[in-house]
Amino acid sequence: MRLTEYINPKCISVDMDVKGKDEAIEFLVGLLLQGGSITAAQKEEVIKTLKKREELGSTGVGYGVGIPHGKCSSIEEIVLAIAVSKKGVDFASLDGKPVHIFFLLLGPEGSPTEHLKALARIARFSKDRNFREKILKAKTPEEVLEIIKERESKELA
């Protein structure tokens, strides 16, 4: 399983400019919508699912990374959105620091294994300082995708 199988470059932003958690979630869901990964009819269910997950505890995992995630009955396959905020977003992170890199992960309710594998891979990559620094410096969505491809090829080599 490769993350790049689930990433549409149209669902990546390198210039997210939002103020808080709810705005960040809505921005990320907007990326999925504009990239065609979800439909307008799915948007509200997705936002509700993600906000409900955040009530259980922040998905701001530390290191300036947030991984909002959830499973939705209307989602048929894993989808990802990625956004970079140069200013950082108050996301109630576990380490109390702003989030600069977001990986939004959604999966179907019936495939917990793939969802967990993708979540684990994102978390593992996010602990790599060099990976985070490269993502933060990326100027285009295509560059972000290349950085992820490069990191995956190292892991799978």
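Taking the Kirkwood radius as the inverse of the mean 1/r across Cα pairs, report the Rg/Rh of the stretch 3-156. Don't jump to the answer; show the numbers that get you there.
Working: Rg = 14.0 Å, Rh = 15.2 Å.
My calculation puts Rg/Rh at 0.92.
Taking 0.36 nm per intervening residue step and subtracting the Cα-Cα distance, what contour gain separates Arg129 from Asp90 on full extension?
Length difference between fully extended and current span is 12.0 nm.
Which value in deg cm²/dmol, rounded to the nearest 500, describes the helix-derived mean residue ellipticity at 222 nm for the chain, given -39,500 (n - 2.57) per DSSP H run of n ≥ 4 and division by the residue count? Working shown, then result.
Numbers: 5 runs with 71 residues, N = 157.
Using -39500 (n - 2.57) per qualifying helix, the result is -14500 deg cm²/dmol.
Do any of Lys21/Lys139; Lys86/Lys139; Lys10/Lys48; Lys87/Lys154 go past 19 Å between their Cα atoms, and which?
Values: Lys21/Lys139 23 Å; Lys86/Lys139 11 Å; Lys10/Lys48 23 Å; Lys87/Lys154 30 Å.
The answer is Lys21/Lys139; Lys10/Lys48; Lys87/Lys154.
DSSP beta bridges in the chain, what fraction antiparallel, as a percent rounded to 5?
On the way: 9 of 19 bridges.
Antiparallel bridges: around 45 percent, rounded to the nearest 5.
How large is the Rg to Rh ratio of the stretch 76-157 when both quantities use alpha carbon positions and Rh follows Kirkwood? Numbers along the way, then the final one.
On the way: Rg = 13.5 Å, Rh = 13.9 Å.
That ratio is 0.97, to two decimals.
List every residue whose amide H lies under 5 Å from the amide H of Gly62, counting only residues 5 or more places away in sequence or on a different chain, with H placed 1.01 Å from N in the peptide plane.
It is Leu94, Asp95, by chain and number.
Normalised by the number of residues in the stretch 1-105, what is the relative contact order in percent for Cα pairs under 8 Å and 6+ residues apart?
Working: 193 pairs, mean separation 35.4, N = 105.
Contact order relative to length: 34 percent.
Given R₀ = 35 Å, what would the calculated FRET efficiency be for Arg53 paired with Lys154, taking r from the Cβ atoms and rounding to 0.05? Display every interim value, and only then the final one.
Values: r = 30 Å, r/R0 = 0.86.
Computed FRET efficiency for Arg53 and Lys154: 0.70.
Any read-out appearing in this document is the output of simple, stated calculations on the displayed coordinates, not a laboratory observation. Computed from a predicted model, the values in this text were never measured in an experiment. Quick reminder, even Gly has a Cβ in these numbers, built from the backbone with ideal geometry, and neighbours come from all protein chains shown.
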